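The values are calculated or read from the model by the stated rules, or taken from the named source; none is laboratory data. What you are looking at is a predicted structure, and each value in this text was computed from that prediction instead of being measured. Note that each Cβ is placed from the backbone with ideal geometry, even for glycine, and that neighbours are counted across all protein chains shown.
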Amino acid sequence: MTETLFELRKFVAPEFIIGVDARRLAGRYAKNLGASHVFLVTGPKIISAGWVEDVTKSLQDEGIRYTIFSDVSPNPRDFEVMKGADLYRQAGCDAVIAVGGGSPIDCAKGIGIVVSNNQHILEFEGVDNVRIPAPPLICIPTTSGSAADVSQFAIINDTTRKVKIAIISKKIVPDISLCDPVPLTSLTFELTAHTGMDALVHSIEAYVSNASSPVTDIQALESIRLISAYLPLAYHHLDHIGYRYKTMLGSLLAGLAFSNASLGAVHALAHSLGGLSDLPHGECNALLLESVIDFNFEVCPERYETIAQAMNVDCSSHEPSEIKQKLLSALQALRIELGIRERLGDLGVSRDTIAELAQSAMRDPCLATNPRRPSVRDLEHIYEGAL
């Protein structure tokens, strides 16, 4: 990696505020952005938890109108984005607020670029295909997982092809993220585990990415330290605001890292699974991580050793084979402690679909920054290892 240290690297990030009750600042920042009628994208469970009401009150206090759109699936569909864009236009909105996890935030990003560019959401697939910036976007994440609130990524389900498409552009980086740990206290055990593991995979993949930099390395390693230490504590103490703050900070740092260093094979494989089988994204990541590390390890053992050290794994031997096994064991122990004990086969994935899944994953842009270039057969082996 030494010879790449001085290569040019770019870094983009939104403004963000992190701390208790940050969500209540939504109205103030919407006013600062010149909004008069906000399009609020969220989900039914987030509304019932009361977090949306806090946001709408802050908008009312500033005299800002709002229209709520909550028809968002856990893996947002292309037609949901288009439906939201139609409603945005009909209501005459001029800004977007997303309250939720990665699904409402990605849907909100999609709606914004559709209304600005007047094109179908699927036409933006890939890197740097968004021509006109989206309307102002404020994000209020309610999980410590996706980090869509600070990234230049949006993941949307193409329901015709049954694949997840990645839209990557600095034009969809939100204007501001209000990172409030309080909404995390309403997450279930399962969502805490799945979203937390998503954040851990973000930081691990960013650190071994072939587009990493000294800046993203700092963020990724601190994220790994925070999440590996505090995610189990948050899982066992769901309403502990201190543990939730630490996992939210870990997720934020992971998002800043992967938004600029990109991701790798775990996400390419998970996107393919989510598109075909509509499985939970974080759970897919958790089940694939160990197999991908086993595949990647030989090309950057020193990077994985540093990751192991950040997870407080004993690396005193500096023997690569031993360190690999210890790291895989530590990740397996963490996954099991978080209640993620299934295999892909237990979730309905069969050997009959592996060839199709691998072909789809080969087309995912996240694969371009994986440290080891896989063949289709390599990806099939990784899926088989996680069955």
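Structural remarks
- Residues (part of a loop (DSSP other than H, G, I, E, B) and farther than 10 Å from residue 172 by Cβ) located in segment 109-131: 118, 119, 120, 125, 128, 129, 131
- Filter result for residue 339 (farther than 23 Å from residue 275 by Cβ and not aliphatic (A, V, I, L, M)): yes
- The condition (being touching a helix residue (DSSP H, G or I) at 6+ places or on another chain (Cβ under 7 Å) and crowded, with 20+ Cβ neighbours inside 10 Å) is satisfied by just one residue among 211, 193: 193.
- Taken together, 106, 158 contain a single residue that is of a type in the set (D, E, K, R) and either free of Cβ contacts under 8 Å to residues at least 40 places away in the same chain or more than 21 Å from residue 33 (Cα to Cα) (or both), which is 158.
- Flag for residue 328 being surrounded by fewer than 21 Cβ atoms within 10 Å (Cβ to Cβ), in the same structural domain as residue 268 (by TED's automatic domain parsing), over 22 Å from residue 223 (Cα atoms) and within 24 Å of the chain's Cα centre (by Cα): no
- Answer residue from segment 330-371, given it is charged (D, E, K, R) and outside any helix (DSSP H, G or I) and is farthest from residue 158 (Cα to Cα) among those: 341
- Count of segment 76-110 residues which are of a type outside the set (Gly, Ala, Ser) and more than 22 Å from residue 162 (Cβ to Cβ): 11
- Total residues in segment 51-67, condition without any contact (Cβ under 8 Å) to a residue 40 or more places away in the chain and either under 20 Å from residue 179 (Cα atoms) or not in a loop (DSSP other than H, G, I, E, B) (or both): 11
- Helices (runs of 4 or more DSSP H) fully within segment 211-318 counting 2 or more residues that are among the hydroxyl-bearing types (Ser, Thr, Tyr) and over 22 Å from residue 155 (Cα atoms): 214-236, 241-261, 301-310
- Failed condition for residue 3, given (1) in a loop (DSSP other than H, G, I, E, B); (2) at pLDDT below 95; (3) more than 21 Å from the chain's Cα centre (by Cα): (1)
- Any hit, segment 146-158, residues being in a strand (DSSP E or B), among the small types (Gly, Ala, Ser) and within 23 Å of residue 286 (Cα to Cα): yes
- Residue under evaluation residue 150, criteria (1) buried (at least 22 other Cβ atoms within 10 Å of the Cβ); (2) closer than 22 Å to residue 79 by Cα, criterion not met: (2)
- Taken over segment 165-175, the criterion of being part of a strand (DSSP E or B) and either surrounded by fewer than 24 Cβ atoms within 10 Å (Cβ to Cβ) or of a type in the set (Ser, Thr, Tyr) (or both) is satisfied by 165, 166, 168.
- Filter result (touching a Cys at 6+ places or on another chain (Cβ under 8 Å), under 17 Å from residue 108 (Cβ atoms) and buried (at least 19 other Cβ atoms within 10 Å of the Cβ)) within segment 22-67: 38, 39, 41
- Residues in segment 109-150 that are small (Gly, Ala, Ser) and either over 14 Å from the mean Cα position of the chain (by Cα) or over 16 Å from residue 255 (Cβ atoms) (or both): 110, 112, 116, 126, 134.
- Close Cβ contacts (under 6 Å, 6 or more residues apart or on different chains) running from residues in segment 339-355 that are under 25 Å from residue 235 (Cβ atoms) to residues that are assigned to a loop (DSSP other than H, G, I, E, B) comprise 343/387; 344/387; 345/387; 347/279.
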